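Undergrad: Pasting a structure here, questions to come.
The values are calculated or read from the model by the stated rules, or taken from the named source; none is laboratory data. Since we're looking at a predicted model, the values are computed, not measured. The accessibility values were calculated without ligands, DNA or RNA, using every heavy atom of the protein model including side chains. Shrake-Rupley method; radii C 1.70, N 1.55, O 1.52, S 1.80 Å.
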Amino acid sequence: MTIKNIEDEKKGQIIAEIDGEEAGIMEYTWAGEDKFIIDHTEVYPEFNGNGVGKKMVLEAVDYARKKNVKIMPLCPFAKSVFDRTEAFQDVLF
């Protein structure tokens, strides 16, 4: 699985690919310079059960740590991963 983070000044997408095929997408929006909001996470049905969603959340967390910013997970899936993962609390807004 490969994960790509494509961003511009205000929005971004984290895209997961398996064997060159898009498996899921996470969309986020910058809210100022110190945080971004995860708006939506979608894993395509044929890739369910492969950990795609969690790997996209992990990419967002790694990205936030590198940029020294916080994440506001408004997407229900991302929020549930944050709620269950103590190690991600350092980037939670």
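Undergrad: In percent, how large is the relative contact order of the chain, given Cα pairs closer than 8 Å and 6 or more residues apart?
TA: On the way: 160 pairs, mean separation 20.5, N = 93.
Reported relative contact order: 22 percent.
Undergrad: Tell me the angle of helix 52-67 to the major Cα principal axis of the chain, expressed in degrees between 0 and 90 and rounded to the nearest ten.
TA: 30 degrees
Undergrad: Follow-up. What does the accessible area per residue of the chain come to in Å², with a 1.4 Å probe and no ligands, DNA or RNA counted?
TA: Details: 5450 Å² over 93 residues.
Counting only protein heavy atoms, the per-residue value for the chain is 59 Å².
Undergrad: If you don't mind, another one. Connecting C-alpha atoms closer than 10 Å in a GNM of the chain, tell me which of D39, D83, D19 has the biggest fluctuation.
TA: Sorting by GNM fluctuation, first place goes to D19.
Undergrad: In addition: Relative to the compact-globule scaling 2.2 N^0.38 Å, provide the ratio for the alpha-carbon radius of gyration of region 1-81.
TA: On the way: Rg = 12.0 Å, N = 81, 2.2 N^0.38 = 11.7 Å.
Ratio of Rg to 2.2 N^0.38 Å for region 1-81: 1.02.
Undergrad: Next question. In the chain, carbon and sulfur make up what percent of the accessible area (probe 1.4 Å)? If you can, show how the numbers build up before the last one.
TA: Details: 2710 of 5450 Å².
The value for the chain is 50 percent carbon and sulfur by accessible area.
Undergrad: With 10 Å bins from zero, work out the P(r) of region 43-93 over every alpha carbon pair and list the percent per bin.
TA: Using 10 Å bins, I get a P(r) of 26, 55, 18, 2 for region 43-93.
Undergrad: Oh, and also: If you plug each phi of region 76-93 into the Karplus form 6.51 cos²θ - 1.76 cosθ + 1.60 with θ = phi - 60°, what whole-Hz ³J(HN,Hα) values come out, in order, with x for Gly and Pro?
TA: Each residue's phi maps through the Karplus curve to give x, 5, 4, 4, 5, 5, 4, 4, 8, 10, 4, 5, 9, 5, 5, 9, 6, 9 Hz.
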